[in-house]
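> I'd like to ask some things about the structure below.
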Amino acid sequence: MKVLVPVKRVIDYNVKARVKADQTGIELANVKMSMNPFDEISVEEALRLREAGIAEEVVAVSIGEQKCQETIRTALAMGADRGIHVLHDGETEPLAVAKILRALAEKEEPKVIILGKQAIDDDCNQTGQMLAALLGWGQATFISRLEIAGDTVSATREVDGGLQNIELALPVILTTDLRLNEPRYASLPNIMKAKRKPIDQYTPEDLEVDPAPRLRVLRVVEPPGREAGVKVETVTELVDKLRNDAKVI
């Protein structure tokens with residue numbers, strides 16, 4: 001069984017994002033970039049499936065500029081078998097990403113596609129669901145537990161009301177939540193091996209996908225600063241402030 005794992009290059013989660021002076025977007029020049037943390041969990045889960053003898057091959061996929069190959073190499077250093085880079089210098093919205101992944105799925109014929117539930121740069125949380133709809137596959141989103149036995153997938157989803165246990169049949173789309181696993185660190189020998197692992201390259205045109213954005217960003221601004229809190233002496237004073245100042249009751 002083959003597992004496809006999309007990985008996205010984003011601003012490192014330890015870096016504070018800054019808005020450009022002209023408010024056209026986020027400043028990316030000279031900013032540390034890394035793999036999306038949820039995608040690290042996806043790669044780790046795919047590797048565990050291979051180590052358990054359930055999967056035979058793990059393929060890491062990234063869509064974007066040439067520097068996205070660094071993100072693919074990170075996945076290869078973690079243990080992925082090979083990479084696929086879809087070269088595109090412009091913005092890619094979730095629907096375009098889903099269409100590209102559908103084309104790759106039809107070419108590669110994986111049984112499982114594991115995505116991070118969302119990327120920490122846009123927080124869209126849409127690609128996995130869109131991909132499942134395009135392919136007509138079953139989906140389990142926000143999973144914190146995964147078991148695969150034969151053609152049956154058993155997963156636990158983290159939902160607003162608690163946990164939901166579901167079963168699906170292969171092929172399947174999975175999106176990972178934080179508590180699914182703890183991603184491994186790439187060892188130095190594996191980092192060196194990753195340099196020799198193959199990365200196939202395509203363009204959206206090769207896959208017959210139009211990646212042109214359907215949305216236009218008008219302006220990006222910093223969120224307003226929060227006002228300092230106040231202390232109250234009595235419950236009556238608290239109720240008065242909630243009713244007359246905050247106007248929430």
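> Taking the condition outside any helix (DSSP H, G or I) and more than 24 Å from GLU65 (Cβ to Cβ), does ILE114 pass?
Details: outside any helix (DSSP H, G or I): yes; more than 24 Å from GLU65 (Cβ to Cβ): no.
No; evaluated as a whole, the condition is false for this residue.
> If you take just the strands (runs of 3 or more DSSP E) that sit entirely in segment 1-51, which of them hold at least 2 residues that are of a type in the set (Val, Ile, Thr) and modelled with pLDDT of 90 or more?
Values: elements: 2-6, 9-11, 33-35.
Passing ranges, in order: 2-6, 9-11.
> Does SER42 fit the bill of being of a type in the set (Ser, Thr, Tyr), closer than 22 Å to THR156 by Cβ and buried (at least 21 other Cβ atoms within 10 Å of the Cβ)? Even if it seems obvious, please write down each step before you answer.
On the way: of a type in the set (Ser, Thr, Tyr): yes; closer than 22 Å to THR156 by Cβ: yes; buried (at least 21 other Cβ atoms within 10 Å of the Cβ): yes.
The answer is yes for SER42.
> I want to confirm something. Restricting to segment 226-249 and keeping residues that are open to solvent by less than 70 Å² (accessible area, probe 1.4 Å) and part of a loop (DSSP other than H, G, I, E, B), which single residue is modelled with the lowest pLDDT?
ALA246
> Right, next: Please state which one of LEU4, LEU47, LEU28 is touching a residue at least 12 places away in the same chain (Cβ under 8 Å), surrounded by 22 or more Cβ atoms within 10 Å (Cβ to Cβ) and closer than 21 Å to THR92 by Cβ. Reasoning before the result, please.
On the way: LEU47 fails: closer than 21 Å to THR92 by Cβ; LEU28 fails: surrounded by 22 or more Cβ atoms within 10 Å (Cβ to Cβ).
The unique qualifying residue is LEU4.
> Among the residues of segment 73-101, which ones are in a helix (DSSP H, G or I) and out of contact with any helix residue (DSSP H, G or I) (no Cβ under 9 Å at 6 or more places or on another chain)?
Those that are in a helix (DSSP H, G or I) and out of contact with any helix residue (DSSP H, G or I) (no Cβ under 9 Å at 6 or more places or on another chain): ALA96, ILE100.
> Right, next: Considering only residues that are open to solvent by 40 Å² or more (accessible area, probe 1.4 Å) and either touching a residue at least 40 places away in the same chain (Cβ under 8 Å) or not charged (D, E, K, R) (or both), which ones fall in segment 118-137?
GLN118, ILE120, ASP121, CYS124, ASN125, GLN126, GLN129, MET130, ALA133, LEU134, GLY136, TRP137
> In the set GLU205, GLU167, GLU147, which member is of a type in the set (Asp, Glu), assigned to a loop (DSSP other than H, G, I, E, B) and either in contact with a helix residue (DSSP H, G or I) (Cβ under 9 Å, 6 or more places away or on another chain) or open to solvent by 50 Å² or more (accessible area, probe 1.4 Å) (or both)?
GLU205
The values are calculated or read from the model by the stated rules, or taken from the named source; none is laboratory data. Everything numeric here is computed off the predicted structure, so don't read it as measured data. Ideal geometry is used to build each Cβ from the backbone, glycine not excepted, and the neighbour counts take in all protein chains shown. Note: accessible area is taken over every heavy atom of the protein model, side chains too, but ligands, DNA and RNA are not part of it. Shrake-Rupley method; radii C 1.70, N 1.55, O 1.52, S 1.80 Å.
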